[in-house]
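Bear in mind that the values in this text are calculations on the coordinates, not laboratory data. Computed from a predicted structure; not experimentally measured. Don't worry about glycine lacking a Cβ; one is built from the backbone with ideal geometry, like all the others, and counts go over all protein chains shown.
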Amino acid sequence: MAEISEVRRELALDCFLLAGKVMMESGAETYRVEDTMIRMAVSQNMMDSHCFVTPAGIMFSPSNDLPTRFVRIHGRRTDLERVARVNAVSRRLVAGQLTLQQAYEEMTEIEKNHYLFPLWLQVLAAAVASACFLILMGGGWADIPFAFVIGGIGFYIVEMVLIKTRVKFFAEFIGAVAIGTLAVLAVYSGFGNDPDTIIIGSVMPLVPGLLITNAVRDMMAGHFVSGLSMGAEAFLTAFAIGAGIAIVLSF
Amino acid sequence: MNWPLEAFLSFLAAGAFGIIFNIPRKTLISCGLVGMSGWLFYRSYFLLFDDPIQATFAGAFIVAIVAHILAKTFKMPMIIFSVAGIIPLVPGSRAYNAMRNIVENDYMEAVDFAVQALMISGAIAMGLVFAEVIMQLYFKYQAKRTQKKMGFTQE
């Protein structure tokens, strides 16, 4: 095995941990993060490295006699474009198309930037999705404008409350309350026809789809710690939405 | 059932979810196609056999298979494609009805809906698992064949 100099090894470790951190923060599955980091390590001649990823932090040990490094993962924000970009950089590093230094620079570039679509476009997408689901779930054509508007408003409220409070479940709860209230008001004022389908369509953008898929895939790969915690998060999100709707319906 | 309309709507909905999850821009169309194939398969199975749980399993299975194939083609992580396709299968209306019946103190009805919602969520998970296992077996078989072709033999 080739001897790796001290500086280069530190750079390699920084690079792996940065890649893992960005992927985990942007909503990748735990096992994919581990897989990516180990592959990158093997490409840099670290054959017996170990890696332990949880949704809250990443531990990486390059070999038996070198110190282990740790990074803490704070907020998570779904941004699959970043996952795809980090994945592409790591593939190129493993294939030898990039040097370690280049890969590290690209990773820092990715970490600094956010590739999110602008908020208005996301709200518009949520509104369109709500309107589509209204029809797919068997609603009437007359209710489409309500689902469109209410779905957009609900998504916008969740994003705003999330920025202000940083508590995800509270944001989803408030969003669900707003959706329920608006839908009931729309029907009460005589314009809407069926509050049930309007509500179902409008809460669809809040459904924790990414968490469900990630939880299932992590559990299958044997990562029970992160699988269970993501499953719990998905369950709590669903519960927050349900509780918000239930409060409105109980009046 | 209006096939072209449902196809269009599910395509649009999955694409919109792609924007919400911020998937890479060039995959938006393929993401919409994944959602469309999953939903159409789910609907046709549901109309043929009238069993929402099996239909959801079939839909999730198709979503995961198509997502795996696209992930290989684009060389990108598989969740990018599967995540938006799964959303239409989520038992939103059953969970909603369960909630409404709880509020109306009709617990027997609520339990009925809640169990259905739970079973359907399980069916989504099982569909993903089955597709994953089958695709992994297939990829392993394919890799072995290429290795043999290139003259490497594995002990």
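The table below lists the values:
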{"quantity": "Some residue of the range A:182-200 being of a type in the set (Asp, Glu) and within 18 Å of A:Ala125 (Cα to Cα)", "calculated": "no"}
{"quantity": "Test: residue in the range B:35-54 that is of a type outside the set (Gly, Ala, Ser), without any contact (Cβ under 8 Å) to a residue 24 or more places away in the chain and within 13 Å of chain A (Cβ to nearest Cβ)", "calculated": "yes"}
{"quantity": "Counted residues, the range A:101-115 - those being part of a helix (DSSP H, G or I) and surrounded by fewer than 18 Cβ atoms within 10 Å (Cβ to Cβ)", "calculated": "7"}
{"quantity": "Leading residue by the ranking (surrounded by the most Cβ atoms within 10 Å (Cβ to Cβ)) among those in the range A:116-129 that are assigned to a helix (DSSP H, G or I) and at the interface with chain B (Cβ under 9 Å from one of its Cβ atoms)", "calculated": "A:Ala129"}
{"quantity": "Residue list for the range B:86-108, filter: at the interface with chain A (Cβ under 7 Å from one of its Cβ atoms) and more than 22 Å from the chain's Cα centre (by Cα)", "calculated": "B:Met99, B:Arg100, B:Ile102, B:Val103"}
{"quantity": "Members of the range A:189-217 found to be outside any helix (DSSP H, G or I) and either within 21 Å of A:Tyr156 (Cβ to Cβ) or not acidic (Asp, Glu) (or both), listed by number", "calculated": "A:Ser189, A:Gly190, A:Phe191, A:Gly192, A:Asn193, A:Val207, A:Pro208"}
{"quantity": "Unmet requirement for A:Val167, which otherwise passes all of (1) among the β-branched types (Val, Ile, Thr); (2) under 29 Å from B:Ala67 (Cα atoms); (3) within 16 Å of the chain's Cα centre (by Cα)", "calculated": "(2)"}
{"quantity": "Matching option when the condition is surrounded by fewer than 21 Cβ atoms within 10 Å (Cβ to Cβ), closer than 18 Å to B:Gly122 by Cβ and either small (Gly, Ala, Ser) or in contact with a helix residue (DSSP H, G or I) (Cβ under 7 Å, 6 or more places away or on another chain) (or both), among B:Phe46, B:Phe57", "calculated": "B:Phe46"}
